[in-house]
Amino acid sequence: MTRARADRYTFPWGEADSCPCSSGYTFRDCCRTAPGKLPYVKIPSLEPPGEITGHAHPKCYMARTRNCSTAKSREHYISEAILRRFDKLLVTGMPWQVKGEKETFPASALTATVLCERHNNALAPIDQFGLRTFNAIIEACDYALGSRHSGRVLHSLISGDGMELWLYKLLAGIHFGGIAAADGGLLRDTCSFPLDELVTSLTTGTLPDQAGFWIASNLGLVERGHISVGPLIDAAKNSNVGVQVRFGPIQFEATLVAPAITTSHLEKLAPMKRPRILDFVGPARDSRVILSWPGLAREVRRLEVKLEPQD
Ligand SMILES: [Zn+2]
Ligand SMILES: [Zn+2]
């Protein structure tokens, strides 16, 4: 088989193989679910360890849990490991920007104190899910475009709900950290924010049903080495409800509430909500990225991304 079959979702990992989630366990003891079903990558606990501290750090967006440390942390709110994959960060859709305007920032622009040290540590596992998603998609594109000869299908496994949590964490970073603008406007001063939904998601690892993330792929390729990030603002409510991220042939949009504002925007892109299969179709061979979600799927949503060689 040299092409990924649209109607059959097999994967090449045997029971005794090491698990494709990189845990170091065997597939059988890790992400395998029921026979014939797609695997599931577990989300670790995101609660800070031990007793609740009773402290609310004024700079921490998780402060309402009253489980902060007094120490704060200043960090990149897109993990540095992800930023290292890109040299240019384009920021779009900020309130001070004209529609369609883009600004380029160095990666260092994305540092801010948005979490206390205790919450920063507790939420750190989410960064790995983001990094694995970026790595898997970049590798999948490179593989599918890498040869004009047919070959086996490259398979990888990433966590769909882990990536969704990463997008929410990014959204919180953009909102509460802000990105320095010429006129100094920060989202946290100009827009409201669905903090309840955010805190619930990042405490329990459980995702709001009506919200979620969408993937679209028909926007053309973003220049190599570039990643584009911007908020999704519900203009009617003046609320910063979501985030969009573009790189390679992919656009992610994640919202914390039902996406009233973003629907028109999304419709044009014909995106897919929480897909389980992303197939990257190259000139001669394919890559399949399996996104895992809690619960067994009745219906497997599959998004096909056609890649044109660029030469
Ligand atoms: Zn695993
Ligand atoms: Zn905190």
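Computed from the coordinates by the stated procedures, all read-outs in this text should not be read as laboratory data. Keep in mind it's a predicted model, so treat the numbers as computed, not measured. Positions of Cβ are generated from backbone atoms using ideal geometry, with glycine treated the same way; all protein chains shown enter the neighbour counts.
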Amide H neighbours of Gly212 at under 5 Å, excluding residues fewer than 5 places away on the same chain, with H built from the backbone geometry, are Thr255
Using DSSP, restrict attention to beta bridges with both residues in the chain and report what percent are antiparallel, rounded to the nearest 5.
-> 70 percent
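Quick check: net charge around Thr70, other residues with Cβ under 12 Å of its Cβ, Lys/Arg +1 and Asp/Glu -1? Walk me through the intermediate numbers first.
Working: positive: Lys59, Lys72, Arg118; negative: Glu117.
Summing Lys/Arg as +1 and Asp/Glu as -1 gives +2.
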From Cα coordinates alone, what are the radius of gyration and Dmax values for the stretch 116-260 in angstrom?
-> 16.7, 54
Calculate for the chain the 222 nm mean residue ellipticity that helices alone would give, adding -39,500 (n - 2.57) per DSSP H run of length 4 or more and normalising by residue count, nearest 500 deg cm²/dmol.
-> -6500 deg cm²/dmol
Filtered GluC sites (Glu not before Pro), the stretch 24-93: DSSP coil and at most 11 other beta carbons within 10 Å | Glu51
Between beta-carbons, use under 14 Å as the cut-off and find the net charge around Arg5, counting Lys and Arg +1, Asp and Glu -1.
-> +2
In what sequence, highest mean first, do 192-201, 146-155, 278-287 appear when ranked by Cβ atoms within 10 angstrom?
-> 278-287, 192-201, 146-155
Using modelled amide H (1.01 Å from N, peptide plane; none on Pro or chain starts), what sits under 5 Å from the amide H of Val305, excluding residues fewer than 5 places away?
-> Asp279, Phe280, Val281
Under Karplus coefficients 6.51, -1.76 and 1.60, residue-wise ³J(HN,Hα) of the stretch 162-175 in Hz, glycine/proline x | x, 5, 5, 4, 5, 5, 5, 5, 4, 4, 4, x, 5, 5
Separation in nanometres of the label points that stand 7 Å from Cα toward Cβ, at Lys102 and Arg84 = 2.5 nm
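Less than 11 Å Cβ to Cβ from Ala81, Lys/Arg counted +1 and Asp/Glu -1: what total charge do the surrounding residues give?
+1
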tail above 31 Å in the computed P(r) of the chain, as % of all Cα-Cα pairs, reads 30 percent
